[in-house]
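The values are calculated or read from the model by the stated rules, or taken from the named source; none is laboratory data. Predicted, not measured: the structure shown is a model, and the values here were computed from it. Heads up, the Cβs are rebuilt from the backbone with ideal geometry, glycines too, and the neighbour counts pull from every protein chain shown. Accessible surface is based on the protein model in full, side chains and every heavy atom, while ligands, DNA and RNA are left aside. Shrake-Rupley method; radii C 1.70, N 1.55, O 1.52, S 1.80 Å.
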Amino acid sequence: MANIHCWLKLLSALVVLSLAAPHHTGAQGAAAIRQQRLELDRTVWSAERRAQQYEAVFVALWDRLRAAEEARPVLAAFPFDQLLLGTRQNSVEHDWDIFETHYGGPPRALDPRQWSALLERWAEEGLVLEQSEWHHKQFTPAKDGSARSLIDLKLHVKNRARRLIVSGDLSVTWSERQDEAGHYIPATIDASKLTLTERRGAPAFATSAILADDTALSPLIAADLDGNGFDDLLALGANLLYRNQDGRPLSEHGAGFAPEPLLAYPPPGGRIEVALLADFTGDGAPDLIVGGPGQLLGLYEGGKSFDQPGLAIATRPLQYPEAMSAGDIDGDGDLDLWVGQYRPPYREGQMPTPYYDANDGYPAYLLSNDGRARFTDITAQAGLATKRKRRTYSGSLADLDGDDDLDLLVVSDFAGIDLYYNDGTGTFADVTSRTVSEASTFGMSHVFGDYNADGRLDMYVVGMSSTTARRLNYLGLGREEYPEHHQQRRAMGFGNRLYLGRADARFSIAPSTEQVARTGWSWGVASADFDNDGDDEIYVANGHLSGETAQDYCTTFWTHDIYTGDSAPDPQLADFFAEVMADWHSAGISWNGFEHNKLYLSGGGRSFVEIGYLMGVAFEFDARTVLDLDIDGDGRVDLLVSEWSGTPRRERVHVLHNVWPGGNNWLGVRLKGAAGTSPIGARITLRSSQGTKTQWVYTGESFDSQRSPTRHFGLGRGEQVEAVEVQWPGGKITTLSEPQINRYHELTP
């Protein structure tokens, strides 16, 4: 979804596609499609439509809270008969004075008058509700008793001294009475089993700058182009280079970034949608490969600048390039290239088919490098032809099985993950079914790490967690003629998964996966030791299309769109989609809107607790790209987060400086390649009295971005490192004994 001019205009319209229905051709028109949809809603999906009628009062509450200057009168006016609040049961202390308190026990009952008084008391204590989410996760229709719902609640609250996250389920028993707006009134709201996560003090991240342009900025690449020890930022979408001025803040641009033109001769035929920086010519200087729809890939031979026209790479023109990864797949000493493409649904009246295993997009390419950046398409002979038409968002050449050659992970929308193991010669075998127990998801991006500190590569794969899918699963709804659609719904709507690498070259789903799964509609992801305690945190960018109301298009997707049409273009469906777009667009409906970014604090890799709002990074805008880098070289990893907004949509990059308190130690490693040896594919191992820690340098992680080859290790209170060892591609090892802590070390082959 990098193409803001094309795909985002399409996505903006998708919030209006509530009338999608099964495939029609010939004389049947929009009226027939509308009628069939209404009939399905009346019969097959009647319980889901009933659920939406009941949830409307919470949608209206969410909308009013976002619009209100003060939340208290809005909450006080919310209609109900009885509210149940729990009592404090137990409290768990996490790092950084974060307390997680669980409520339960015999509840106390409040009527609306008592609730209003409690809100007034909280207001006197200075508590302010800043953000909220209300998701209808479960519904039980009225049969012999009252209808019931579970509402997944998140509240972000602060006063001068502390920040709080209130989370958990509201168990709602409905009355059949309606308010003046026609919304059903809850009889009882049981809020007795909530969790309160709180922290005193200032947030750990502060926005130091916002980088903006008249159009898109991504794809984003972090790299130290001028060798001053600080990572610069390449904003390929706007053809800009933001120079990092020795980490010094600038009053005009902030964060040390000063913009200047990047490519003197940008590629013809449209903006850059995909880019990768690496040494493809083998001369020790980074080259830049870029591409976009209708374009050939172009290679800009590099150095400190890219002032010559790009050289076309002899592949077919790309349709929708979205992902690239580089690595030496055959051990010949040069970097080869993998390119993945996306195919937007709905366009031309086609839909991914089947929605859980679609292989009907634009082809991916594996390109072999001859050492002089002349590439040959070897996709078929390398064993990657069968599923090369996934609708792919990210992918990486990486050593997944620990045998010192580069395998391939592909992450795709409407499919999930595919894993291919390399035999060492550049020939790949599809091992997905025997390697992971569950691969299905709406795959967006991924990141690698060693979360359980066993020296093996783990992976966190980001997808779409769907409250609507969970609600439909609970109701047991589905069309009888499509049994596999419903069987796959649970896996596809599950969300993110954390996979732990095993000694037998398989991946197991981590026990902590449930704690990091349900972030919403997720895009970019970063994983780093933001607090320098020795464990990697996880940051996820969320939110799809936020409109004017929290009313969500998602039900239409799950009840109609996944059954609509097939992989072939259908002019009639395309016309139908276009016909209804204007009406829904004017209604301001969202599709997974107003979802907040999440930051997960690691508990030794065994557990995670969500602290995004406590640390100042729980943005409500529709976020996409995420990059982690130490902008100012102070040993604390900072964040870049992109925001997509506006009509037509524009992109802004929020520069977030890490001001995390505390005196934990750290060590940084800057890898600098040489002629014939690239940092891409390197493994970095740090040994100390606290154990062994491992990091890798791969490309293709996250969404629309590329990390720098600099790696950062948190040491906690450790004051000595025995050695840092870098295993470079090809097997050469560089060892740095007893390095000084709290500084960066540049290592070369």
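When the range 582-631 is filtered for residues that are more than 17 Å from the chain's Cα centre (by Cα), within 25 Å of Arg66 (Cα to Cα), of a type in the set (A, V, I, L, M) and buried (at least 19 other Cβ atoms within 10 Å of the Cβ), the ones remaining, listed by number, are Ile589, Leu614, Met615. Within the range 681-715, the residues that satisfy the criterion of being on the phi > 0 side of the Ramachandran plot and either surrounded by fewer than 20 Cβ atoms within 10 Å (Cβ to Cβ) or among the small types (Gly, Ala, Ser) (or both) are Gly681, Gly691, Gly700, Ser702.
Each residue in the range 124-134 was checked for being loosely packed, with under 14 Cβ neighbours inside 10 Å, on the phi < 0 side of the Ramachandran plot and under 37 Å from the mean Cα position of the chain (by Cα), and 1 of them qualify. Cβ-Cβ distances below 7 Å connect the following pairs, each with a first residue in the range 482-500 that is over 15 Å from Ser466 (Cα atoms) and free of Cβ contacts under 8 Å to residues at least 60 places away in the same chain, a second residue that is among the small types (Gly, Ala, Ser) and in a loop (DSSP other than H, G, I, E, B), and a separation of six or more residues or different chains: Leu498/Ala510; Leu498/Ser512; Leu500/Ala510. For Thr101, indicate whether it is among the hydroxyl-bearing types (Ser, Thr, Tyr), touching a strand residue (DSSP E or B) at 6+ places or on another chain (Cβ under 8 Å) and over 30 Å from Asp529 (Cβ atoms). In short, no. The single condition among (1) open to solvent by 40 Å² or more (accessible area, probe 1.4 Å); (2) out of contact with any strand residue (DSSP E or B) (no Cβ under 9 Å at 6 or more places or on another chain); (3) at pLDDT 75 or above that Ala285 does not meet is (1).
Within the range 440-456, the set of residues being open to solvent by 10 Å² or more (accessible area, probe 1.4 Å), in a loop (DSSP other than H, G, I, E, B) and of a type outside the set (Phe, Trp, Tyr) comprises Asp450, Asn452, Ala453, Asp454, Gly455, Arg456. Remark: Ile313 matches the filter, which requires a residue to be more than 20 Å from Ser705 (Cα to Cα) and not hydroxyl-bearing (Ser, Thr, Tyr).
Does at least one position in the range 95-105 carry a residue that is aliphatic (A, V, I, L, M) and either in contact with a Pro (Cβ under 9 Å, 6 or more places away or on another chain) or exposed (fewer than 15 other Cβ atoms within 10 Å of the Cβ) (or both)? The answer is no; no qualifying residue exists.
Of the residues Trp96, Trp115, which is at positive phi, of a type in the set (Phe, Trp, Tyr) and in contact with a strand residue (DSSP E or B) (Cβ under 8 Å, 6 or more places away or on another chain)?
Result of the check over Trp96, Trp115: Trp96.
Would you mention how many residues in the range 159-174 are closer than 16 Å to Glu198 by Cα and crowded, with 18+ Cβ neighbours inside 10 Å? The qualifying residues number 5. If you take the residues in the range 312-335 that are under 25 Å from Gly361 (Cβ atoms) and surrounded by fewer than 16 Cβ atoms within 10 Å (Cβ to Cβ), which one is modelled with the lowest pLDDT? So, considering only residues that are under 25 Å from Gly361 (Cβ atoms) and surrounded by fewer than 16 Cβ atoms within 10 Å (Cβ to Cβ), the one modelled with the lowest pLDDT is Ala314.
When you scan the range 139-151, do you find a residue that is closer than 23 Å to Gly612 by Cβ, basic (Lys, Arg), open to solvent by 40 Å² or more (accessible area, probe 1.4 Å) and modelled with pLDDT under 95, even just one? Among the residues of the range 139-151, not one is closer than 23 Å to Gly612 by Cβ, basic (Lys, Arg), open to solvent by 40 Å² or more (accessible area, probe 1.4 Å) and modelled with pLDDT under 95, which makes the answer no. In a residue-by-residue description of the range 81-88, the property of being under 21 Å from Thr195 (Cβ atoms) and open to solvent by 70 Å² or more (accessible area, probe 1.4 Å) applies to at least one position.
Taken together, Asp246, Asp213 contain a single residue that is surrounded by fewer than 16 Cβ atoms within 10 Å (Cβ to Cβ) and among the acidic types (Asp, Glu), which is Asp246.
Candidates are the residues of the range 379-391 that are farther than 15 Å from Asn359 by Cα and out of contact with any Gly (no Cβ under 7 Å at 6 or more places or on another chain); the one that is surrounded by the fewest Cβ atoms within 10 Å (Cβ to Cβ) is Ala380. So is Gly298 open to solvent by less than 20 Å² (accessible area, probe 1.4 Å), farther than 29 Å from Trp728 by Cα and not aliphatic (A, V, I, L, M) or not? In short, no. Restricting the first member to the range 563-577 and to residues that are closer than 15 Å to Ala358 by Cβ, and the second to residues that are among the hydroxyl-bearing types (Ser, Thr, Tyr), the beta-carbon pairs closer than 6 Å and six or more apart or on different chains are Asp566/Thr353; Ser567/Thr353.
Here's the yes/no breakdown for (1) at positive phi; (2) surrounded by 17 or more Cβ atoms within 10 Å (Cβ to Cβ); (3) touching a residue at least 60 places away in the same chain (Cβ under 8 Å); (4) assigned to a loop (DSSP other than H, G, I, E, B):
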site: Tyr393; (1), (2), (3), (4): no, yes, yes, no
site: Gly402; (1), (2), (3), (4): yes, no, yes, yes
site: Leu408; (1), (2), (3), (4): no, yes, yes, no
site: Tyr420; (1), (2), (3), (4): no, yes, no, no
site: Gly426; (1), (2), (3), (4): yes, yes, yes, yes
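Within the range 336-349, one or more residues are charged (D, E, K, R), in contact with an Asp or Glu (Cβ under 9 Å, 6 or more places away or on another chain) and at pLDDT 95 or above. Considering the range 173-184, the residues that are free of Cβ contacts under 8 Å to residues at least 60 places away in the same chain and in a strand (DSSP E or B) include one that is nearest to Leu85 (Cα to Cα), namely Thr173. Against the numbered list (1) assigned to a loop (DSSP other than H, G, I, E, B); (2) touching a Ser or Thr at 6+ places or on another chain (Cβ under 7 Å), Asn742 comes up short only at (2). The one condition from (1) at pLDDT 95 or above; (2) open to solvent by 20 Å² or more (accessible area, probe 1.4 Å); (3) of a type in the set (Gly, Ala, Ser) that Ala60 does not meet is (2).
Condition check ((1) assigned to a loop (DSSP other than H, G, I, E, B); (2) charged (D, E, K, R); (3) more than 30 Å from Ala123 (Cα to Cα)) across all residues:
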site	(1), (2), (3)
Leu153	no, no, no
Ile165	no, no, no
Gly168	no, no, no
Ala187	no, no, no
Glu198	no, yes, no
Ala206	no, no, no
Ile221	no, no, yes
Tyr242	no, no, yes
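Meeting the requirement of 2 or more residues that are open to solvent by less than 20 Å² (accessible area, probe 1.4 Å) and of a type in the set (S, T, N, Q), the strands (runs of 3 or more DSSP E) wholly within the range 470-549 are 522-528.
A quick yes/no check of all residues on (1) more than 25 Å from Tyr103 (Cα to Cα); (2) hydroxyl-bearing (Ser, Thr, Tyr); (3) assigned to a strand (DSSP E or B):
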position: His156; (1), (2), (3): no, no, yes
position: Asp190; (1), (2), (3): no, no, yes
position: Ala202; (1), (2), (3): yes, no, no
position: Leu233; (1), (2), (3): yes, no, yes
